[in-house]
Amino acid sequence: MDPSVFAAMTRKSNPIDISSKETLQHLIDHYDNFLFDCDGVVWLGDELIPGAAEFIQLLVDNGKQLAFVTNNSSNSRNTYFQKFARLGIPNITKDMIYPTCYSAALEVRDQLKIPLGSKIWILGEHGIEEELQEMGYVTLGCNDPKLNNLDLDSSILEVDPEVRAVVVGSTKDFNYMRISSTLQYLLYNDKSIPFIGCNIDKTYPGPRGLTLPAGGSVVNYMAFTSERNFINVGKPSGQFLNIILQDRQFDRDRTLMIGDTLYTDVKFGNDGQLGDGRGSLLVLSGGTKLKDLQKLIESGGSKEDLIPSYYAESLGQLAEVYGVEK
Ligand SMILES: [Mg+2]
């Protein structure tokens with residue numbers, strides 16, 4: 001295909017369906033680096049999306065560089081590394097994995113410049129604790145057993161004045177003690193302790209077709225009750241993208257973001273001007289369906305930042321289009 005024709009086809013508001021080997025080959029020729037969202041793209045919960053491993057292998061065989069960028073803050077890079085291995089996805093190393101528990105820790109150290117050894121309060125799951133501790137911080141809150149049962153006389157509701165930042169992410173143990181204790185830190189000293197939110201995701205695709213509440217619900221609950229804004233360290237944060245591109249030494253113009261969510265993944269690629277302004281691919285294997293994309297396109301120009309350059313059914317379908325044997 002003439003590249004100029006291809007460029008015209010991929011102009012915003014007219015995303016191109018990658019459903020032929022020719023269009024997929026163009027994609028493979030055009031990009032050196034591939035950023036993947038995980039939930040809804042590579043896997044759904046603990047189930048690998050059929051064909052995803054074959055597509056990733058196809059890219060590796062073609063000499064492509066990969067990184068995995070997930071707004072899920074519950075698991076550390078070590079845990080994800082084990083998950084990739086368990087699901088049979090080859091050649092993935094820890095330094096290719098960017099969950100937002102890690103980007104939160106990077107924010108604490110590199111942007112807020114909070115000295116190592118300082119105390120950080122967590123509302124979230126173990127991944128945040130693990131990444132902060134690995135970096136050299138002391139963590140409080142999180143899964144402290146004192147937060148399990150309602151006791152408004154508990155000493156854990158008293159603010160430790162040495163806490164230097166609050167990190168909030170997804171938790172399946174969201175309860176009144178966790179909310180109440182975290183709120184004390186967010187209000188403390190005229191709301192001066194930095195408030196980091198691991199993501200803005202409203203929902204994620206669960207098992208059996210369920211739609212489940214995601215970390216952004218927790219972060220926004222705390223933002224609402226404390227009447228504070230938070231530093232978003234997840235997609236679509238441009239700062240997060242810059243960290244990854246720099247860390248992996250990826251050329252922005254030769255990088256494609258693949259994800260299943262419009263307001264995080266696609267916006268991340270679009271706002272970040274990946275692929276010379278054509279660097280987002282939506283897969284329909286997660287939370288966004290074709291009718292959602294069609295509705296968005298039909299709604300006109302105001303949400304151009306959410307419209308992907310390309311779309312495909314799934315990574316498995318891409319592998320199939322290429323003729324990869326399963
Ligand atoms: Mg996703």
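The values are calculated or read from the model by the stated rules, or taken from the named source; none is laboratory data. Quick caveat: nothing in here was measured; it's all calculated off a predicted structure. Positions of Cβ are backbone-derived with ideal geometry, glycine not excepted, and every protein chain shown enters the neighbour counts.
Looking across the stretch 99-154, the residues that are without any contact (Cβ under 8 Å) to a residue 60 or more places away in the chain and polar (S, T, N, Q) come down to SER118, GLN133, THR139, ASN143, ASN148, ASN149, SER154.
Please verify whether the stretch 97-107 includes one or more residues that are over 17 Å from GLN133 (Cα atoms) and hydrophobic (A, V, I, L, M, F, W, C). Within the stretch 97-107, one or more residues are over 17 Å from GLN133 (Cα atoms) and hydrophobic (A, V, I, L, M, F, W, C). Residue check: ALA8 meets all listed conditions (1) away from the ligand (no atom under 16 Å from the Cβ); (2) modelled with pLDDT under 95; (3) under 26 Å from GLN239 (Cα atoms) but one, namely (3). Filter the stretch 89-115 for residues that are at pLDDT 95 or above and more than 20 Å from the chain's Cα centre (by Cα) and give the result. Those that are at pLDDT 95 or above and more than 20 Å from the chain's Cα centre (by Cα): LEU112, LYS113, ILE114, PRO115.
Of everything in the stretch 110-153 that is more than 27 Å from ASN71 (Cβ to Cβ) and touching a Ser or Thr at 6+ places or on another chain (Cβ under 8 Å), the residue that is surrounded by the most Cβ atoms within 10 Å (Cβ to Cβ) is LYS146. Flag: THR100 does not match the condition of being within 16 Å of the ligand (Cβ to nearest atom), exposed (fewer than 15 other Cβ atoms within 10 Å of the Cβ) and within 30 Å of LEU66 (Cα to Cα).
Inspection of the stretch 229-239 finds no residue satisfying the criterion of being within 16 Å of the ligand (Cβ to nearest atom) and farther than 24 Å from ILE196 by Cα.
Residues that are away from the ligand (no atom under 16 Å from the Cβ) and at negative phi within the stretch 245-269 comprise LEU245, GLN246, ASP247, ARG248, PHE250, ASP251, ARG252, ASP253, ARG254, THR255, listed in sequence order. The set of residues in the stretch 180-193 that are outside any loop (DSSP other than H, G, I, E, B) and buried (at least 16 other Cβ atoms within 10 Å of the Cβ) comprises SER180, SER181, THR182, LEU183, GLN184, TYR185, LEU186, LEU187, TYR188.
Selection of first residues in the stretch 62-81 that are more than 16 Å from the ligand (Cβ to nearest atom) and of second residues that are not hydrophobic (A, V, I, L, M, F, W, C), restricted to Cβ pairs under 6 Å at least 6 apart or on distinct chains, gives the following pairs, ordered by first then second residue: GLN65/ASN33; SER76/GLY127; SER76/GLU130; SER76/GLU131; ARG77/LYS94; ARG77/TYR102; PHE81/LYS94. For the stretch 21-57, a residue qualifies if it is at pLDDT 95 or above and assigned to a loop (DSSP other than H, G, I, E, B), and the qualifying residues are TYR31, ASP32, ASP37, CYS38, VAL41, VAL42, ILE49, PRO50, GLY51.
Exactly one residue among SER155, SER170 is out of contact with any Leu (no Cβ under 9 Å at 6 or more places or on another chain) and closer than 14 Å to SER181 by Cβ, and that residue is SER155. For the subset of the stretch 288-303 comprising residues that are modelled with pLDDT under 90 and either touching a helix residue (DSSP H, G or I) at 6+ places or on another chain (Cβ under 9 Å) or of a type in the set (Ser, Thr, Tyr) (or both), which member is farthest from the ligand (Cβ to nearest atom)? Ranking the candidates gives SER302 first.
A single entry from LEU274, LEU284 fulfils the requirement of being at pLDDT 95 or above and within 16 Å of the ligand (Cβ to nearest atom): LEU284.
Output the residue which, of all residues in the stretch 24-61 that are within 15 Å of the ligand (Cβ to nearest atom) and among the charged types (D, E, K, R), is farthest from LEU315 (Cα to Cα). Among those that are within 15 Å of the ligand (Cβ to nearest atom) and among the charged types (D, E, K, R), it is ASP46.
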